[in-house]
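No value in this document is a laboratory result; all are computed from the given coordinates. Everything quoted here is computed from the prediction, not taken from an experiment. A quick note on method: Cβ atoms are made from the backbone with ideal geometry, for glycine too, and the neighbour counts reach across all protein chains shown.
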Amino acid sequence: MARYTGPTSKIARKFKEPIFGPDKVLEKKNYPPGQHGNSRRRSKKSEYAIQLMEKQKAKYTYGMLEKQFRRFFQIASRKKGATGENLLKLCESRLDNVVFRMSIAPTRRGARQLVSHKHILVNGDLVNIPSFIVKPGDQVEVRERSKSLEAISNSIALGRKGHYPWVEFDNTSLKGTFLNQPEREEIPENINEQLIVELYSK
């Protein structure tokens with residue numbers, strides 16, 4: 001499946017947020033990319049444009065394409081509770097995101113690569129589908145022969161990039177557990193999920 005492989009700084013500047021992690025370019029140029037830079041006058045965005053922008057930001061954040069993101073939304077809408085919160089909980093339950101939260105990889109893009117290259121086990125079974133939904137209680141670990149990978153050891157050495165109470169991970173055995181789906185207030189991503197719900201509800 002196609003993925004965005006272009007410069008992440010350009011996308012981060014578009015949303016004026018470091019959605020791919022700390023970005024020095026964004027610190028220097030905290031305005032959208034374009035030929036005329038920061039001097040171009042920008043008209044007030046419509047309600048639809050604001051909603052679309054929020055959806056695009058969520059898609060880029062979790063590394064998803066439209067078809068898959070819409071499918072996640074449909075699943076979320078059939079669950080009990082707020083659809084927007086259910087959507088973010090589903091996104092957080094993706095295997096590549098869980099690997100990222102456990103700091104096995106420094107970025108979601110790196111985590112997706114580790115999964116697709118068959119370095120990750122779920123409950124002892126090899127899983128190479130980044131969008132695989134991890135369930136509460138599932139064990140996620142690095143494959144034995146992959147534990148010496150420099151990319152993984154470097155990421156572990158950098159330490160956790162935040163406190164995520166819904167996952168626990170042992171840096172020695174490189175094994176962790178997805179404890180539960182996070183509550184909305186625990187998810188640190190700056191996403192207004194209600195705008196996404198309003199967009200898809202039109």
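Magnitude of the Cβ-charge dipole of the range 94-180, K/R +1 and D/E -1, about the Cα centre, nearest 20 debye?
280 debye
Assuming 0.36 nm per residue, please report the length gained on full extension of the stretch Ala151 to Asn190 beyond their Cα-Cα distance.
11.3 nm
If I model a spin label at Lys118 and Ser46 as a point 7 Å from the Cα along the Cα→Cβ vector, what separation in nanometres do I get?
4.9 nm
Can you tally the net charge around Glu198? Count Lys and Arg as +1, Asp and Glu as -1, for every other residue whose Cβ sits under 11 Å from the Cβ of Glu198.
Residues close to Glu198 contribute a combined charge of -1.
Sort Thr107, Thr83 by Cβ crowding within 10 Å, fewest neighbours at the top.
Thr107, Thr83
Over 27 Å between C-alpha atoms is what I'm after, so list which of Lys67/Lys147; Lys67/Lys135; Lys57/Lys89; Lys80/Lys175 land there.
The answer is Lys67/Lys147; Lys80/Lys175.
For Lys79, which aspartates and glutamates qualify as cross-link partners when the Cα separation must be under 16 Å and same-chain residues fewer than eight apart are set aside?
Of all the aspartates and glutamates, those that pass the test against Lys79 - Cα under 16 Å, at least 8 places apart if same chain - are Glu92, Glu183, Glu193.
How big is Rg to Rh over the range 94-180, alpha-carbon atoms, Rh as the Kirkwood inverse-mean-distance radius?
0.90
Arranged by the count of other C-beta atoms within 10 angstrom, fewest first, what order do Ile75, Ile191 take?
Exposure proxy ranking, most exposed first: Ile75, Ile191.
Grab the other residues whose beta carbon is less than 9 angstrom from that of Phe69, score K and R as +1, D and E as -1, and report the net.
+4
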